[in-house]
Amino acid sequence: MAIRTIVKKGDETLRKRSREVTEITPKILQLLDDMKETLEDANGAGLAAPQVGVLRRIALVNAGDGVLEIINPVILEMEGEQIEAEGCLSIPGVYGEVKRPMRVVVEALDREGVKQRYDATEFKARAFCHEIDHLDGILFEDKVIRFVDLEDEGE
Ligand code: CO
């Protein structure tokens, strides 16, 4: 495994649409392993493949209960809304309130190529939405209602 460099805002990779994964090759598995190590090193809640410079529809979500690997994720259902502050490993030091659904149902392939369904609420629902946005070249700050200063709160 290896820690990969996280692409920062301004790099055009972050603005492109990522392509579907058609086959889970050893290279994809290596990418997943490297992304996991990179996410843990950065202590983040999620990481999408374009953030390490790879335009594939792959992301990791860690809402505090372990790392989920999602490949070709699709949001099947959205319900309710929530407004909370978010940040992004590609936009360090910037936080802002974003409106997201309170609950999402996401379908995605796991690393074995098996379709899984995730029913997530609150923070986890936000994390799914944030990472899936990355796969379409959307950054959280595009959706910010109000920027906030979380630095003083030690986050
Ligand atoms: Co992000």
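Here are a few things to note about the model shown:
- Of all residues in the stretch 102-119, none satisfies being under 28 Å from Gly10 (Cα atoms) and either out of contact with any His (no Cβ under 7 Å at 6 or more places or on another chain) or surrounded by fewer than 19 Cβ atoms within 10 Å (Cβ to Cβ) (or both).
- Residue satisfying condition, being assigned to a strand (DSSP E or B), at negative phi and crowded, with 18+ Cβ neighbours inside 10 Å, within set Val98, Val74: Val98
- Qualifying residues in the stretch 101-115 (those that are assigned to a strand (DSSP E or B) and β-branched (Val, Ile, Thr)) - the one farthest from the ligand (Cβ to nearest atom): Val105
- Some residue of the stretch 19-32 being modelled with pLDDT of 95 or more and within 15 Å of the ligand (Cβ to nearest atom): no
- Leading residue by the ranking (surrounded by the most Cβ atoms within 10 Å (Cβ to Cβ)) among those in the stretch 44-58 that are outside any loop (DSSP other than H, G, I, E, B) and more than 9 Å from the ligand (Cβ to nearest atom): Ile58
- Check on Thr22, over 13 Å from the mean Cα position of the chain (by Cα), among the polar types (S, T, N, Q) and within 17 Å of Leu139 (Cβ to Cβ): no
- Members of the stretch 20-50 that are hydroxyl-bearing (Ser, Thr, Tyr) and touching a residue at least 24 places away in the same chain (Cβ under 8 Å): Thr38
- Matching residues, the stretch 81-93, being under 16 Å from the mean Cα position of the chain (by Cα) and part of a loop (DSSP other than H, G, I, E, B): Gly87, Cys88, Leu89, Ser90, Ile91, Pro92
- Between Glu131, Glu86, Glu77, the distinction of being away from the ligand (no atom under 15 Å from the Cβ), among the acidic types (Asp, Glu) and at pLDDT 95 or above belongs to Glu77 only.
The values are calculated or read from the model by the stated rules, or taken from the named source; none is laboratory data. What you see is a predicted model; the values in this text were computed from it and never measured. Virtual Cβ from ideal backbone geometry, glycine too; neighbours counted across all protein chains shown.
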